[in-house]
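The values are calculated or read from the model by the stated rules, or taken from the named source; none is laboratory data. Owing to the predicted nature of the structure, the values given are computational and were not obtained by experimental measurement. Ideal geometry is used to build each Cβ from the backbone, glycine not excepted, and the neighbour counts take in all protein chains shown.
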Amino acid sequence: MIDIFLGPKQYIQREGLLHETGIYLKPFGRRPMVLGDELVFSIIRPTLEDCLKSAGISPSFTLFGEECSMAEISRLAEIVRQENLDFIVGTGGGKAIDTSRMVAEQLKLPLITIPTSAATCSAASAVAVVYEKGVRQATVSGKGADLVLVDSTILSQAPIRLLASGMGDALAKWYEGKPCYDQMKEPDSATQGALSLSTQTKETILSMGLRAKEDVVAKKNSYAVEKVVEANILLTGVIGGLGGSKFRVAVPHALLYGLTVLPQVHQNLHGEMVSFGIIVQLCLEKNEKELKVLLPFFSQLGLPITLKSLGLTNVEDPLFWEGLKRTCAKGSSVHNLPFPVDERKLYHAMMEADERASSPRK
């Protein structure tokens, strides 16, 4: 049996696409909620207002409240009802777009996403991560975008930290999915597709990632940037839909979500924590071959994959151990590996990962 949530229905990526937004949004209605934060609006709002006005669209620009929580989803849904809005446009990064997905799902409205970074696959995903006071509560499957508009000019001008983080998150699809896949006796066609796409994504990022970094640092778009953006957003989102929870996650995402009880974790990007988690998983697996590939690659990307760079130096903090406990709780994806993992084993793998990342030749 196959039971999957796929998205998006349509994906468009090219330079200068933001200026054409009105053309693409017109079929969905005349009164959208456009959700985003102040920084994102400072980048895209002037252009959006002009092109939407030309298309006869009157948007309601609404500030995102920083967290994809049930309270925030309810607040925004009420605004949509009160203002009689007819579709949702999620802009910016993962949490704002996840929230727009949840609002659109709750109200059964069309969803358009306009990412301004390639740090996550949220724009093309069909899942959302729900938090409460910074602590991850659930990962919910459901509404995929009806349309994703990716202006690669904007993404190539974004800080390199965002693109690098997205590369780490995208690579996790293979590193988390492969050990799950290898345990399946009869994988279905969707899961086979997820493995194939995750392998392609891995090859693209490892072959083009550093060139894409150089180009983004130089504030220019290029073939390498376009390919990495496709991998970070589109391919990773589709992999998550095809593979579902049985393929999508293992140690990296489990560790990230477990450690959200630590306030300092929230200073890091999603993909930065996931990248460290990949190294931890490889240490658990004793996978020297992949460690030799990823440690120098992550280092060259500038990803923070030491405990110090991630702000996790106080391993005596009770919240640190609470995070490890949550990571290893019953039902956690950390148990998708083919061997048992407990808090002590995970701790030692984190210490080894930190040592190796601090001295990449080890």
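The figures follow:
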quantity: Options 332, 309: the member that is in the same structural domain as residue 208 (by TED's automatic domain parsing), of a type in the set (Ser, Thr, Tyr) and within 23 Å of residue 181 (Cβ to Cβ); calculated: 332
quantity: Residue check, residue 181 under 18 Å from residue 305 (Cβ atoms) and touching a residue at least 60 places away in the same chain (Cβ under 8 Å); calculated: no
quantity: Residue list for the stretch 57-83, filter: surrounded by 15 or more Cβ atoms within 10 Å (Cβ to Cβ), touching a Gly at 6+ places or on another chain (Cβ under 9 Å) and more than 12 Å from residue 100 (Cα to Cα); calculated: 57, 61
quantity: Total residues in the stretch 26-56, condition part of a loop (DSSP other than H, G, I, E, B) and buried (at least 21 other Cβ atoms within 10 Å of the Cβ); calculated: 0
quantity: Any hit, the stretch 135-150, residues being β-branched (Val, Ile, Thr) and at pLDDT 95 or above; calculated: yes
quantity: Test: residue in the stretch 121-142 that is in the same structural domain as residue 17 (by TED's automatic domain parsing), assigned to a strand (DSSP E or B), surrounded by fewer than 18 Cβ atoms within 10 Å (Cβ to Cβ) and among the acidic types (Asp, Glu); calculated: yes
quantity: Residue match in the stretch 65-83 (condition: outside any helix (DSSP H, G or I), modelled with pLDDT of 95 or more and in contact with a helix residue (DSSP H, G or I) (Cβ under 9 Å, 6 or more places away or on another chain)); calculated: no
quantity: Members of the stretch 291-320 that are surrounded by fewer than 18 Cβ atoms within 10 Å (Cβ to Cβ) and outside any loop (DSSP other than H, G, I, E, B); calculated: 292, 293, 296, 299, 300, 318, 319
quantity: Unique residue being modelled with pLDDT under 95, in the same structural domain as residue 166 (by TED's automatic domain parsing) and among the aromatic types (Phe, Trp, Tyr) when the list is 247, 276, 298, 339; calculated: 247
